[in-house]
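Notes to accompany the following structure.
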Amino acid sequence: MSQYKARKFNVVGQRLQRPDGIDKVTGRARYGADMDAAGMLHAKVLRSPHAHARIISIDTSAAAALPGVMAVITRADFPLASGEYIDLLDHCMAGDRALYDGHAVAAVAATSKRLAKQALKLIKVDYELLPHVTDIEAAIAPGAPVIHAGVVGRGVPKGYSDNVTRFRSFGHGDIEAGFQQADVVVERTYRTEATHQGYIEPHACVATMGMDGRGDLWVCTQGHFAIRNMCAAILGMESASLRVTASEIGGGFGGKTTVCIEPLALALAKKSGRAVKLVMTRDEVLRATGPTVSTLMHVKLGMNQAGRITAAYAQLFYQSGAYRGYAADFGAMPAFAPYALENVHTEGFDVMTNRPKSAAYRAPGAPPACYAAESAIDEAAHQLGLDPLAVRLLNAAREGSKSSYGPTYAAHGLVECLQAAQQHPHWRAPLGENMGRGIAAGFWFNFGGDTCVSAFLNPDGSISVSEGNPDIGGSRASISMMVAEEMGIPYEQVRTTVADTGSMGQNEPTHGSRVTFAVGLAAIKSARAIIAEIRHRLAQLWEVDIDSVVWQQGCASCTDPNSEHKAPMDLRQVAAIASNTGGPIGGHHEVNAEGAGVSFGVHIADTEVDPQTGHISIKRYTVIQDAGKAIQPDYVEGQLQGGAVQGIGWALNEEYIYGEDGRLQNSGFLDYRIPVASDLPMIDTVIVEVPNPGHPYGVRGVGETPIVPPLAAVANAVTAATGVRQVHLPMSPPRVLAGLQAK
Amino acid sequence: MASIQIFTSLQYLFNNQTEIELDVANLQQLLTRLPQAYPQCAQEVANGISVAIDGRIVNDAWFTPIEPNSEVVILPRISGG
Amino acid sequence: MQHTHISTTINGQPVEYACANDASLLEVLRDQLGMTGTKEGCGSGDCGACSISLDNRLVCACLVLGVEAQGRHVETIEGMADKNNLHILQTKFLEHAALQCGICTPGILVAARALLAKHPDPTETQVRYWLAGNLCRCTGYDKIIRAVLAAAQAMREEPA
Ligand code: FES
Ligand code: FES
């Protein structure tokens, strides 16, 4: 069922500029907080200062009485009591318990931000403090304070607290037999701390609700259709009654795939009868949205003299906040995915704590698992005196290999990536004093999902494309390019717009590395539908068989030797007679785009460690990844570079730090430190292209895989530089120094 | 008959088999017949699973064909960030 | 809260406003004057998204009070292009794909312009340290640094 056909490209592969570029360099582009509505109120949210507390009562009367305050809401304003969306609602607004520091307990809409803030101070919440737990190890121990009783899933092994809600395991072969065959067996415990997606734009929205129960929402999100569905379900509306428009989005990385303030803004709009704007502060973003998981991981790996991995075992605990998490699957499946192993077994556990509900972050779950697995491979290779890259190549999964999580791989580019690494000058470059080099491979599944695209031939012959996925990194350009390629016309003749939820069918959010793959696929098919319609009409006009009307290089021509219609017609000419031949011409495609090809990447990192301070600097970094086909190489490189640097931040500085009191201690960009320009070298990229059989042009998603290998690549480099195996991320200077001193 | 691989932690719902055989020709038939043949797994199937058919991960597309010699692997539901 | 009447110059044009004495210049620009090109990422001086220039000094608009603009010259992203002619930095950012989501872009452009005014021939390291106060989460900075270096070279070759 291959969709892919090899071809020569004219537009695809060029470094063309995006349609939203000028707006974004001039400040004209409108992001979430850049919208105003007539008569708009400003909302603020009151948040729990406690990690875990029963809410005995909330007295909002004084706040409501403050002149200028138009609405105050609490959980009592949301009738939803159970079902699929109850966790989401509870995360947006606490019920009878506040479950983490920063959990919303009430919200106010007033005529100014200042008044809204003032009103928050007048709300009296009576809390009864409950025992809390934020640390993963403490949370899994029997006797730990339990966040939610009665939600332990079936099949979870005994011996843990009820915070361990989910268990998944994968693998094949006999690991005990495999360890017997090994010449060296390495075994260690690894830890990673929680990070935040760290998008620079805080969540923001503007909500209106009419007296007729119909609403409009302007919001920065990765998926306005998902936001619509969630908000409609939480507020008990029909989806058709809520139109959601996606603003330009200032970064998401998985963190903007869900609701956090939107249902509150809508409820305030409903209660006040006015438009309501709600913009989060950075402190709120860090305390109450996003973060990713923290982990506790045990890995055991056996290798023989030849470098063959004889057995691999990983036990992975994922702390995912105060609600049921889903990261364990996505850690346990990809941990050893780059390798063809005879004996492999991985186990994932989801663990609840008094922390905000974790959200997806680029390949959710995979980076920590890959860090532990790739560290173990590195250590075994080192003990056997083997080249770590050669070992990876020897064990690499190929087309036809059975993956560690089950299925047999179709064509993919891991071996090509490893070979590219071997040939890259970086791999052979000399290292200075206190420097070390690390390498790691990484994997992500990629995703397709529900997708709609409509393309229209305008009266002047230009093409408008509507799609339903917010554009975070240039996807409108890539989609226009694919349509231009398919139609054989210049890129400039096509313009792609992200339509609102009232204008398109359901679309999965911009996640799972799906947009260039899935929306691209639907766009190509929409273009084909336009061509088919044009051929059909011209066959009628020229009185020939449809097979005699061919579409080439942007023109229809007649190949019937008996026809006198010899002059080809271009889009402008076709558009000019559209009304005469049946009416406006358009093509659309709606599909559940299954068949996203997996994506592998290989990273090489050089680090220098200051033996006095434990400070680590990245001296050189190379990302090699299979993109299937890079539609716009600049944007592919951008994904590889950006993902790598987020991974570097995870490896080196980013960390949620909780106090004994269960409060987040670093809820600002000063103390939650993401990489800055002076921390980094240039990030070299190599794009490998092994076509994905599931896409007409061979595209694979590229957005997520780049964050998978860096944790391991950097840790392996630091280990090489220091001789101390790095088992706890981030490798902050005190942690590294302590390791050096213990040596 | 297609042979269907079950990931480790789900095998207890399938009498501890790593692989089962079912007579199915597409994903919809698989999703219908799995809980009929193994009622214990009904809850998991209802909660959502992914199925890899010949190496391609399929979440929902019911009419995806399953050939008699297809490789079918049950997986937890795949999404992304 | 008391308000003060302010007369200032923004992007070369005279502007008058009355603002609350505790309002930041960022709030005034965005909420009162509708100049939303300057972004807010943190409100605490840590992200640089709100970078503007005040009497030719690069500052975070979130750390300046609206009242401090009295009698001074404010330059924002909205004043960077000359009508329909992009500034070389803007052109180079587009050519080098130096933006993904673009939320950091106005602040980085304003900061980079201040850099090039002071150091027309910066080294890569200089650019990196100058921009260290401007967070970008999407790009890993690589293409941003390249765009700034390319703009510097182009500006040296044909001064605007
Ligand atoms: S908003 Fe001013 S520095 Fe972040
Ligand atoms: S481009 Fe998104 S933060 Fe810089």
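Points worth noting:
- Residue satisfying all of: in the range C:25-56; touching a Phe, Trp or Tyr at 6+ places or on another chain (Cβ under 9 Å) and among the aliphatic types (A, V, I, L, M); nearest to ligand 1 (Cβ to nearest atom) among these: C:28
- Selection count where residues are surrounded by fewer than 21 Cβ atoms within 10 Å (Cβ to Cβ) and either more than 10 Å from chain B (Cβ to nearest Cβ) or outside any loop (DSSP other than H, G, I, E, B) (or both), scope the range A:402-413: 2
- Test: residue A:714 is more than 10 Å from chain C (Cβ to nearest Cβ), buried (at least 24 other Cβ atoms within 10 Å of the Cβ), β-branched (Val, Ile, Thr) and closer than 30 Å to residue A:12 by Cβ: no
- With respect to (1) within 16 Å of ligand 1 (Cβ to nearest atom); (2) in contact (Cβ under 8 Å) with a residue 12 or more places away in the chain, the lone exception for residue C:59 is condition (2).
- In this entry, residue C:97 is excluded by the filter for residues that are facing chain A (nearest Cβ under 9 Å), over 22 Å from residue A:31 (Cα atoms) and among the small types (Gly, Ala, Ser).
- Any hit, the range C:69-76, residues being over 28 Å from residue A:672 (Cβ atoms), away from ligand 1 (no atom under 16 Å from the Cβ) and part of a helix (DSSP H, G or I): no
- If the condition is being within 16 Å of ligand 2 (Cβ to nearest atom), within 9 Å of chain A (Cβ to nearest Cβ) and within 25 Å of residue A:36 (Cβ to Cβ), then the range C:49-94 contributes C:49, C:77.
- Criterion applied to A:630, A:575, A:567 was being in contact (Cβ under 8 Å) with a residue 12 or more places away in the chain and either in a strand (DSSP E or B) or assigned by TED's automatic domain parsing to the domain that holds residue A:517 (or both), and the one residue passing it is A:575.
- Restricting attention to the range A:652-689 and to residues that are charged (D, E, K, R) and away from ligand 1 (no atom under 16 Å from the Cβ), the residue that is farthest from the other protein chains (Cβ to nearest Cβ) turns out to be A:660.
- Test: residue in the range C:108-123 that is of a type in the set (Val, Ile, Thr), part of a helix (DSSP H, G or I), within 16 Å of ligand 2 (Cβ to nearest atom) and at the interface with chain A (Cβ under 8 Å from one of its Cβ atoms): no
- Checklist (1) under 30 Å from the mean Cα position of the chain (by Cα); (2) surrounded by fewer than 22 Cβ atoms within 10 Å (Cβ to Cβ); (3) in a helix (DSSP H, G or I) applied to residue A:167, failing item: (3)
- Remark: pairs (first residue in the range C:99-116, touching a residue at least 60 places away in the same chain (Cβ under 8 Å); second residue part of a helix (DSSP H, G or I) and within 13 Å of ligand 2 (Cβ to nearest atom); Cβ separation under 7 Å; 6+ apart in sequence or on different chains) = C:108/C:131; C:108/C:144; C:111/C:131.
- When residues in the range C:130-160 are screened for being more than 10 Å from chain A (Cβ to nearest Cβ) and within 16 Å of ligand 1 (Cβ to nearest atom), 0 of them pass.
- Residue among A:549, A:609, A:544, A:602 that is free of Cβ contacts under 8 Å to residues at least 24 places away in the same chain, in contact with a helix residue (DSSP H, G or I) (Cβ under 7 Å, 6 or more places away or on another chain), surrounded by 17 or more Cβ atoms within 10 Å (Cβ to Cβ) and of a type in the set (A, V, I, L, M): A:549
The values are calculated or read from the model by the stated rules, or taken from the named source; none is laboratory data. Model, not experiment: these values are computed from the prediction. Note: ideal-geometry Cβ built from the backbone for every residue, glycine included; neighbour counts use all protein chains shown.
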